[in-house]
Amino acid sequence: MRRTIKAILILCIATLMLVSFAACAQSDVPDGYQLIACEGDEFRLYVPTQWIKNTTSGITSAYYTSDGEMAITVTKADDAEGLTLEEYWTVCDENHKTELEEYSYDGNLKKIVMGGKAAHQRTFTAKVTRYNETENKNVTLEYKFLQVMVQNNGETYILNYSAPTDQFDLQLEVVVGSADGAGVIPYFKFAEAYTSEDNKKEYDENVVAPEGMKLASTDERPYRFFIPKSWKINNRTDSTAAYASDSDSSNVNVGMYMSSYATETVADHFKRLEESYKTTFSSYTLISDEEITMDGISAHKYTYTVVSGAQEYKLVQAIVRKGEMFYYVTYTATPENFEKHLSDVEKMIENFDIR
């Protein structure tokens, strides 16, 4: 599974950080529910229509509260090959002990059926520290997690429902299912890889790309982002993203953020981002801060490392402000692959064009 680290979006603390296609008929959607799916998903997640779809990062998810604190995600594990559900839980349990503050699992396993397959359901709690932008400080809350693991066609899938502990029961029946059989888990099913004609991306064929590059951003974006012709566009995410190859998940994504502070500089903004990184990742280290220009505007390029679980990542994040909007170009790679793509990343940053 290709994973993109999003600099300003954390969907669920337990997950970080994704053929031929057949369209999903809308008639299959249960009454009162909506389909949540990313390009290529070999499953269908249905949540109530009151929930808010969130697939921007390429992770299939939805949240119930506007602050995103009550959320459901479904991911495909990339480190479970050859392991049974019980064996993989042992791996996850050890990772949770390392990664999560005050992690507590009561040892209770519930065997259920999800997507027509035997599945394992567990609940656990942990303290989660998040940067609260409104209060301009870190806030620590106890969260409760319901985690369901299931296997299909040799792959392991994880459904996570998470909420502050005092709110966990509010949507629990919606998730696990009610007496009449309605619910997120009862409606979950496996299917052919998902695609939607409604989400077909349109690229402006009249845009002339720099030599050796191609346009990776759709015409709806307020910028133009070019990548080397050898790179692949990641159509799974709603944002603009690309990766090096099928065998190398090094990736670049473009993000935007509208500032609430009229006088906030890039340097000020990155200080606030750093506070989020320090609480999100088990380790964060800033390596360098370089002043550059992007589209003729003064900008900064930050290089830093983070550790998520047992994996270290090295990132370059170029940030520029134009008007009220901050634009991010973020390159993420493992340390062993980081250097080989730096020249490509420099070209992407140099040719970034705000329309």
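The values are calculated or read from the model by the stated rules, or taken from the named source; none is laboratory data. Model, not experiment: these values are computed from the prediction. Here Cβ is always computed from backbone atoms with ideal geometry, including for glycine, and neighbour counts include all displayed protein chains. Note: areas computed on protein heavy atoms with side chains; ligands, DNA, RNA excluded. Shrake-Rupley method; radii C 1.70, N 1.55, O 1.52, S 1.80 Å.
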Check your understanding: So which residues in the stretch 286-325 are in contact with a helix residue (DSSP H, G or I) (Cβ under 7 Å, 6 or more places away or on another chain) and at pLDDT below 95, if there are any at all?
Key -> Val306, Gly309, Glu312
Exercise for review: Could you please let me know if Ile233 is open to solvent by 10 Å² or more (accessible area, probe 1.4 Å) and either farther than 19 Å from Gly58 by Cβ or touching a strand residue (DSSP E or B) at 6+ places or on another chain (Cβ under 8 Å) (or both)?
Suggested key: yes
Check your understanding: Checking Thr56 against (1) in a loop (DSSP other than H, G, I, E, B); (2) out of contact with any Asp or Glu (no Cβ under 6 Å at 6 or more places or on another chain), which single condition isn't satisfied?
Key -> (2)
Revision key, fill the gap. Subset of the stretch 300-332, residues within 14 Å of Phe225 (Cβ to Cβ) and either open to solvent by 10 Å² or more (accessible area, probe 1.4 Å) or not in a strand (DSSP E or B) (or both), comes to Tyr327
Point to revise | Scan of the stretch 250-282 for residues that are aliphatic (A, V, I, L, M) and open to solvent by 10 Å² or more (accessible area, probe 1.4 Å), ordered by number | key: Met256, Met258, Ala262, Val266, Ala267, Leu273
Practice item. Please verify whether the stretch 61-81 includes one or more residues that are part of a loop (DSSP other than H, G, I, E, B), β-branched (Val, Ile, Thr) and within 26 Å of Leu170 (Cβ to Cβ). Key: yes
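Considering the stretch 32-76 alone, what residues qualify as being of a type in the set (D, E, K, R) and either within 24 Å of Thr195 (Cβ to Cβ) or under 14 Å from the mean Cα position of the chain (by Cα) (or both)? Steps first, please.
First, the residues of the stretch 32-76 that are of a type in the set (D, E, K, R): 39, 41-42, 44, 53, 67, 69, 76.
Those that are of a type in the set (D, E, K, R) and either within 24 Å of Thr195 (Cβ to Cβ) or under 14 Å from the mean Cα position of the chain (by Cα) (or both): Glu39, Asp41, Glu42, Arg44, Lys53, Lys76.
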Check your understanding: Any idea how many residues of the stretch 286-296 are surrounded by 14 or more Cβ atoms within 10 Å (Cβ to Cβ) and part of a strand (DSSP E or B)?
Key -> 2
